[in-house]
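Enquirer: Just dropping this structure here.
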Amino acid sequence: MNIKHIIPLIALSVAAVSVSAQNNAREAFKFAKHQTKLLLAETAKTNAAANKPNLLSPRALNTNGDLVMVSPKDWCSGFFPGNLWFLYEYSGDKFWKERSEPFTAAMEAEKSNTGTHDLGFMVYNSVGNAYRLTHQQRYKDDIIQAARSLITRFNPTVGCIKSWDHQKQWQFPVIIDNMMNLELLFEATKLSGDSSFYKVAVTHANTTLKNHFRADNSSFHVINYDPETGKVLNKQTLQGFADSSAWARGQAWGLYGYTMCYRETGNKTYLDQAEKIARYIFSNPQMPPDLVPYWDYDAAKLGNQPRDASAAAIAASALYELSTYSKNAASYKKTADKILNSLGKGYQAQPDSARGFLLLHSTGHKPANSEIDVPIIYADYYYLEALLRQKRLAEKKPVINSPGTLKN
Ligand code: GLY
């Protein structure tokens, strides 16, 4: 076959992949809209019975299949409003915007919460998406205020934002998950012109780079620092199998976090780190063929362990973005497509089941015997985000949607 014949064939196969990605997204969003109407109804029932001033959000199902609802103070409270914003983004249908607004309003008071490092998850995934899609001033003000609250937890001697206050076994714990909260800070600098948020984010990312990673590019879950000297005291875990193990969701948070830090700074070191993490995850001998990992790569060696669909969804979303920065674009995109295909085929709930959650089989905190092999809201959030990113790439649009693109 000569080159004249090969080029149209390549073009045809690229077009076929785009069409199949769009079909995939169309089917998945049809399912997501149907399921989320059920979850809205279930949520409304619980809120009516609870009669609280602020709406509770769905977090997970327990092993009996009961809905676990949380107040805006919980770290998982921003994902449900975020999912509703994603459905609005996909469909342009005001129905979803109007459903998200009250849940987003409930999150706005958290902008002054200085007792958590999770303000990125809480405020950015709810109010941040609201601002991105509506450009309303009040949401912009909330993002900047939340960033002010978050940086009160920064210790310049350590060079990090403190994670938990309630785990008294550690003086100044910093968890790999905390990389995800830096996106709020980068955005706050762009919105306010105040570079102090950016500086804190970069310092935290650099300190984490120095202390959280092992020689094989897997990461520890928790680094405990001496707050007076900045010295590393312990390298441990809370949610993983062992201090020395690779907790699956932690690896996914690192991949997403350093990809996002590269987007925000252009610093090649962050891109290299994201690629090293991707290599660790996707060349791991314990990774199952469907690319949905067991909850911990080292626990997987024991056999008969639960999966963590949330780790797969987070990684898929990160890989779509990473594919737009890397010479390994095709391989990252193919891997992300494969993950979404696996999630769509083997992990989605049956329509009208699981009280309206989208994905089954996530694992929240195995050592605490909590949220094992159940639907969890952040798996659904990153699944929807990954599907939107897949669709945007298929349409040759930038994978990160810019602010203010849907105004009504
Ligand atoms: N701390 C967030 C998580 O469980 O992944």
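The values are calculated or read from the model by the stated rules, or taken from the named source; none is laboratory data. Bear in mind the structure is a predicted one, so any value in this text is a computation, not a measurement. Here Cβ is always computed from backbone atoms with ideal geometry, including for glycine, and neighbour counts include all displayed protein chains.
Enquirer: I need the full set of residues from segment 357-388 which are surrounded by 24 or more Cβ atoms within 10 Å (Cβ to Cβ), part of a loop (DSSP other than H, G, I, E, B) and either away from the ligand (no atom under 15 Å from the Cβ) or on the phi > 0 side of the Ramachandran plot (or both), in order please.
Expert: Phe357, Leu358
Enquirer: Select from segment 146-179 the residues that are of a type outside the set (A, V, I, L, M, F, W, C) and assigned to a helix (DSSP H, G or I) and write down the one among them that is surrounded by the most Cβ atoms within 10 Å (Cβ to Cβ).
Expert: Asn178
Enquirer: Would you be able to tell me the number of residues in segment 225-252 that are in contact (Cβ under 8 Å) with a residue 24 or more places away in the chain and more than 16 Å from the ligand (Cβ to nearest atom)?
Expert: 11
Enquirer: Could you tell me whether Ser71 is among the hydroxyl-bearing types (Ser, Thr, Tyr) and more than 17 Å from the chain's Cα centre (by Cα)?
Expert: Numbers: among the hydroxyl-bearing types (Ser, Thr, Tyr): yes; more than 17 Å from the chain's Cα centre (by Cα): yes.
Yes, satisfied.
Enquirer: How many residues does segment 149-168 contain that are without any contact (Cβ under 8 Å) to a residue 24 or more places away in the chain and more than 16 Å from the ligand (Cβ to nearest atom)?
Expert: 1
Enquirer: Can I ask one more? If only one of Leu182, Leu191, Leu255 is more than 16 Å from the ligand (Cβ to nearest atom), part of a helix (DSSP H, G or I), in contact with a helix residue (DSSP H, G or I) (Cβ under 8 Å, 6 or more places away or on another chain) and touching a residue at least 24 places away in the same chain (Cβ under 8 Å), which one is it?
Expert: Leu191
A quick yes/no check of all residues on (1) in contact with a strand residue (DSSP E or B) (Cβ under 8 Å, 6 or more places away or on another chain); (2) within 21 Å of Gln390 (Cβ to Cβ):
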site	(1), (2)
Tyr258	no, yes
Tyr270	no, no
Gln286	yes, no
Ala312	no, yes
Ala316	no, yes
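Enquirer: Just to be sure, is Ser100 more than 16 Å from the ligand (Cβ to nearest atom) and either modelled with pLDDT under 95 or farther than 19 Å from Asn401 by Cβ (or both)?
Expert: So Ser100 does not fit the description; no.
Enquirer: Does segment 305-317 contain at least one residue that is surrounded by fewer than 24 Cβ atoms within 10 Å (Cβ to Cβ), modelled with pLDDT of 95 or more and of a type in the set (A, V, I, L, M)? So that I can check it myself, show each step before the final result.
Expert: Start the filter on segment 305-317 by keeping residues that are surrounded by fewer than 24 Cβ atoms within 10 Å (Cβ to Cβ), which leaves 305-307.
Applying the additional criterion that residues be modelled with pLDDT of 95 or more yields 305-307.
Narrowing the set further to residues that are of a type in the set (A, V, I, L, M) leaves none.
So far as segment 305-317 goes, no, none of its residues is surrounded by fewer than 24 Cβ atoms within 10 Å (Cβ to Cβ), modelled with pLDDT of 95 or more and of a type in the set (A, V, I, L, M).
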